[in-house]
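A.B. asks: There's a structure below that I have some questions on.
Rule-based calculations on the coordinates, nothing more; no lab input. Bear in mind the structure is a predicted one, so any value in this text is a computation, not a measurement. Counting neighbours? That spans all protein chains shown, and the Cβs are built from the backbone with ideal geometry, glycine included.
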């Protein structure tokens, strides 16, 4: 395990006000690091109370590894202690790679009948027996939209007789392992949710825009279609920032850490000479999936307004230009847009925004 915690400098931490109420910690256990953020709600915004990041070289998921659970709990407990968080209440994310999501259509029926109907329908979509998963759902509120295929005076395809339902299913063993970690670390989980929902909360305004949110992590990338603030589609790809670094290392015959630095320095710029040629085939996997989703969505008369990039992998130089070939506005995510923090912290905290977006969204959850 390699560990490098990033916390508030002491002189800044001592100046901040830590509330004992209302706030909770967002905990994001990723494939290469653990991230925490504690925010204090204030009016319609949030105040940053503390944060922390620690690198790890293993992950907990479907395998019931007691050693991994104990080790993760120890690291998480130590990170929270060093960050001087003022609560043990947390909201945590579940890894995209372990979560099945789908949007299904259901007839509008009485609420008393909805649970049984959704569970019956879920059997067609969830690849595991329902007694082996934690199943949850939420109804997506439809807004009338213009159908560009007809004319601007006609409103779009909202079926008033049906509800769109976001269905999520997580293997029970994954949930149980995460709960074991939090119990061992002395933490009280208020909720578990999928990463995509946390990202929407911290990065996407609840307006009429339709956004393609591409989150490039260390080992995985998620592509999420967000319409009117709701998740409509989510797909996980088994490529990420570490995949790029490994490819650079193998191509140049150098070690991983040096390849990581080359990647950060040159990215997709022409100055890197050989490096962009190595990187592009991997990023093409992500871009091609994004292009297919854009094409499918827009073929029905709708429009994607923006591509939003997040995750540590989105720090790659010239990456916005690369995705710009899809013909959309491409923007790097900013989870700090609705978060206040001391001005002197700006040079430290802003570069970490892409890493902490999930944890920020978790701490924003009401």
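A.B. asks: Given the convex hull of the Cα atoms of segment 226-328, what is a quarter of its surface area in nm²?
C.D. replies: It is 6.8 nm².
A.B. asks: Using Cβ contacts closer than 10 Å as the measure, can you line up 45, 124 from fewest to most?
C.D. replies: The fewest-first ordering by Cβ neighbours comes to 124, 45.
A.B. asks: Rounded to the nearest angstrom and ordered from largest down, what semi-axes does the equivalent ellipsoid of segment 168-264 get from its C-alpha gyration tensor (root of 5λ)?
C.D. replies: So the equivalent ellipsoid measures 30, 23, 12 Å along its semi-axes.
A.B. asks: Using Cβ contacts closer than 10 Å as the measure, can you line up 251, 112, 234 from fewest to most?
C.D. replies: 112, 251, 234
A.B. asks: Return the FRET efficiency for the residue pair residue 123, residue 205: r is the Cβ-Cβ distance, R0 is 35 Å, and the value is rounded to the nearest 0.05.
C.D. replies: Efficiency, rounded to the nearest 0.05: 0.45.
A.B. asks: Now a separate question. Compute the length gained on full extension between residue 82 and residue 303: take 0.36 nm times their separation in residues and subtract their Cα-Cα distance, giving the result in nm to one decimal.
C.D. replies: Gain on stretching residue 82 to residue 303: 75.0 nm.
A.B. asks: Specify the inter-centroid distance of segment 313-366 and segment 191-248, based on alpha-carbon positions, in whole Å.
C.D. replies: Using only Cα atoms, the two centres lie 12 Å from each other.
A.B. asks: Run the paramagnetic zone check for residue 318: 7 angstrom along Cα to Cβ, then residues of segment 277-309 with backbone nitrogen under 16 Å.
C.D. replies: 277-284
A.B. asks: Follow-up question, since we're still on this one. Grab the Cα-Cα distance for residue 265 and residue 238, subtract it from 0.36 nm times how many residues apart they are, and report the gain in nm with one decimal.
C.D. replies: Extending this stretch completely gives an extra 7.3 nm.
A.B. asks: Using only the Cα atoms of segment 98-137, what are the Rg and Dmax in Å?
C.D. replies: 10.5, 32
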